[in-house]
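Undergrad: Structure in structure tokens, see below.
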Amino acid sequence: MREYYFSIVTVLLVVLTLIAFSDNLFTDVRQESNSDPKFIIHGLFCLAWMIIIAVQANLIRTFRFLTHRNLGIASIVIAAGVVASTLYIFIDIWEGWDKLVFYARPNRFFLPSFAVLVTLGYLNRNTADLHKRFMLLATLLMLGPVLDRVGSPIGVSPLIANPVIWNALFLSLFYYDWKTLRRIHPITYLGFTWFYIVWAIALLT
């Protein structure tokens, strides 16, 4: 469990991302968003983030610690690109909180959360238990756009796919904590609690 969990989960996140955006990448490449620079740049940064998180987890699993450390700066640069490109899209298409559909509202909170968690992950890069949880939780909080779309290729409503997959991923981290620590790590609790606080704000405002 300790050896394979982060490798498996991060590769799964890459697979979910590829399924969710398979139309942009493979089946409908002529769609309008594929010719809009802001969406192209944003999509490339987000895909690069998913890939490098999976690469980094598997480098640790295969004991290539020096390569993992050398890629650390590249990870931070990509994370900064995710934040900047997402923020630009938020500003460019912003029409007011009231006009946002409820499932898009959490992203306004999860973006700064992603930035904070990645920063904490980098600052705690020498403390493995903290580092890997900060980085994974940062990634999980940014999954909204992926999970909103991942069910479509297989005919599953996002109202089902989104909460089921999101909660399953968080619960898998709870299970990992319990199997490896015999307790739930405080960072896992805090990340999951913040997740639901944000969703409560989105649904009640």
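The values are calculated or read from the model by the stated rules, or taken from the named source; none is laboratory data. Source: prediction; values computed, not measured. Note that we place each Cβ from the backbone using ideal geometry, even for glycine, and neighbour counts take in every protein chain shown.
Undergrad: Among the residues of segment 109-131, write down those that are in a helix (DSSP H, G or I) and either surrounded by fewer than 16 Cβ atoms within 10 Å (Cβ to Cβ) or acidic (Asp, Glu) (or both). It would help to see each step written out before you state the result.
TA: The first filter runs over segment 109-131 and keeps only residues in a helix (DSSP H, G or I), leaving 109-123, 128-131.
Result: Pro112, Val116, Thr119, Leu123, Ala128, Asp129.
Undergrad: Taking into account only those residues within segment 149-173 that are surrounded by 13 or more Cβ atoms within 10 Å (Cβ to Cβ) and not in a helix (DSSP H, G or I), which is modelled with the highest pLDDT?
TA: Val150
Undergrad: If I go through segment 1-30 residue by residue, how many of them are part of a helix (DSSP H, G or I) and either touching a Cys at 6+ places or on another chain (Cβ under 7 Å) or of a type in the set (A, V, I, L, M) (or both)? Outline the logic, then answer.
TA: As a first pass, look at segment 1-30 and keep what is part of a helix (DSSP H, G or I): 5-20, 22-27.
Among the residues that remain, those that are also either touching a Cys at 6+ places or on another chain (Cβ under 7 Å) or of a type in the set (A, V, I, L, M) (or both) are: 8-9, 11-16, 18-20, 25.
Of the residues in that region, 12 qualify.
Undergrad: For segment 64-73, state whether one or more residues are under 24 Å from Trp166 (Cα atoms) and part of a helix (DSSP H, G or I).
TA: To start, the set of residues in segment 64-73 that are under 24 Å from Trp166 (Cα atoms) comprises none.
Within segment 64-73, none of the residues are under 24 Å from Trp166 (Cα atoms) and part of a helix (DSSP H, G or I).
Undergrad: A follow-up question, please. Can you find a residue that is among the aromatic types (Phe, Trp, Tyr), touching a helix residue (DSSP H, G or I) at 6+ places or on another chain (Cβ under 6 Å) and within 24 Å of Ile73 (Cβ to Cβ) anywhere in segment 4-12?
TA: Yes, because at least one residue in segment 4-12 is among the aromatic types (Phe, Trp, Tyr), touching a helix residue (DSSP H, G or I) at 6+ places or on another chain (Cβ under 6 Å) and within 24 Å of Ile73 (Cβ to Cβ).
Undergrad: What do you reckon, is Val198 buried (at least 16 other Cβ atoms within 10 Å of the Cβ), over 22 Å from Ile8 (Cβ atoms), touching a helix residue (DSSP H, G or I) at 6+ places or on another chain (Cβ under 6 Å) and not acidic (Asp, Glu)? Steps first, please.
TA: On the way: buried (at least 16 other Cβ atoms within 10 Å of the Cβ): yes; over 22 Å from Ile8 (Cβ atoms): yes; touching a helix residue (DSSP H, G or I) at 6+ places or on another chain (Cβ under 6 Å): yes; not acidic (Asp, Glu): yes.
It is true that Val198 is buried (at least 16 other Cβ atoms within 10 Å of the Cβ), over 22 Å from Ile8 (Cβ atoms), touching a helix residue (DSSP H, G or I) at 6+ places or on another chain (Cβ under 6 Å) and not acidic (Asp, Glu).
Undergrad: Here is a further query. Condition first: surrounded by 18 or more Cβ atoms within 10 Å (Cβ to Cβ) and in contact (Cβ under 8 Å) with a residue 60 or more places away in the chain. Now tell me which residues in segment 174-190 satisfy that.
TA: Correct list: Tyr176 only.
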